1. Looking at this structure, is Arg125 buried (at least 19 other Cβ atoms within 10 Å of the Cβ) and either of a type in the set (Phe, Trp, Tyr) or outside any strand (DSSP E or B) (or both)?
2. Can you work out which of the residues in segment 131-176 that are under 18 Å from the mean Cα position of the chain (by Cα) and outside any helix (DSSP H, G or I) is nearest to Gly96 (Cα to Cα)?
3. Take the residues in segment 19-38 that are of a type in the set (Val, Ile, Thr) and surrounded by fewer than 24 Cβ atoms within 10 Å (Cβ to Cβ), then tell me which one is nearest to Gly96 (Cα to Cα).
4. State whether one or more residues within segment 85-100 are in a helix (DSSP H, G or I), under 23 Å from Ser8 (Cβ atoms), of a type outside the set (Phe, Trp, Tyr) and in contact with a Phe, Trp or Tyr (Cβ under 7 Å, 6 or more places away or on another chain).
5. Do you know which of the residues in segment 1-53 that are farther than 21 Å from Lys123 by Cα and of a type in the set (Lys, Arg) is modelled with the lowest pLDDT?
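The values are calculated or read from the model by the stated rules, or taken from the named source; none is laboratory data. Bear in mind the structure is a predicted one, so any value in this text is a computation, not a measurement. Backbone-built Cβ (ideal geometry, glycine too); neighbour counts: all protein chains shown.
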Amino acid sequence: MKPVRDMSRLELAGLVSTEFQKNGINVVLSGGSCVSIYSEEKYVSMDLDFVNVAFTKRDRIRKVMESLGFHEEKRYFRHPNTDLLVEFPPGPLGVGQEPVKRIIELQTGSGILRIISPTDCVKDRLAWYYHDGDTECLRQAILVANHCAIDLKEIEQWSEVESKSHEFKHIKGQLQRKKAQPRAQRYP
């Protein structure tokens, strides 16, 4: 396995996720790094938010992270060979008023990453937009929707439960996946 300093975000997340799985601790990647992964790094988050689904005690989390070379600084874990911070917000794993519907397992060069689905990622970002007016999170939701297949009907139904049908109608067109544009060819 390659050293942490040479790992991509996806590989580092896979390493952390796999190590927790080996230790019988249920964590799932959520938040801004999901946007980074699903948007092919068009958005860059500087932390990995692994939701502590099973409410595992902090000393067990600390022990696993230390075994990977991380040390704790306040609520984050830092490794000397990466700028990415790791955080473990407590569960439950949810978006707005509902639990996350689907967890995906992605094979990475360093293990299996457990991550929320693109649809739940969009809902997570929209929750911040709907309830806090965070337009940056709306932009992130659009990035994910434009890069990944999402269930727009599910997002519409979720928006209704969140009492945000009116807001959804205004942004629905932005969440529809655009057809891939051919990439410009580069010549030497």
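1. Working: buried (at least 19 other Cβ atoms within 10 Å of the Cβ): yes; either of a type in the set (Phe, Trp, Tyr) or outside any strand (DSSP E or B) (or both): yes.
Against the criterion (buried (at least 19 other Cβ atoms within 10 Å of the Cβ) and either of a type in the set (Phe, Trp, Tyr) or outside any strand (DSSP E or B) (or both)), Arg125 qualifies.
2. Among them, the one singled out is Asp134.
3. So, considering only residues that are of a type in the set (Val, Ile, Thr) and surrounded by fewer than 24 Cβ atoms within 10 Å (Cβ to Cβ), the one nearest to Gly96 (Cα to Cα) is Val28.
4. Residues of segment 85-100 in a helix (DSSP H, G or I): none.
No, that holds for no residue.
5. Filtering segment 1-53 for residues that are farther than 21 Å from Lys123 by Cα and of a type in the set (Lys, Arg), the one modelled with the lowest pLDDT comes out as Lys2.
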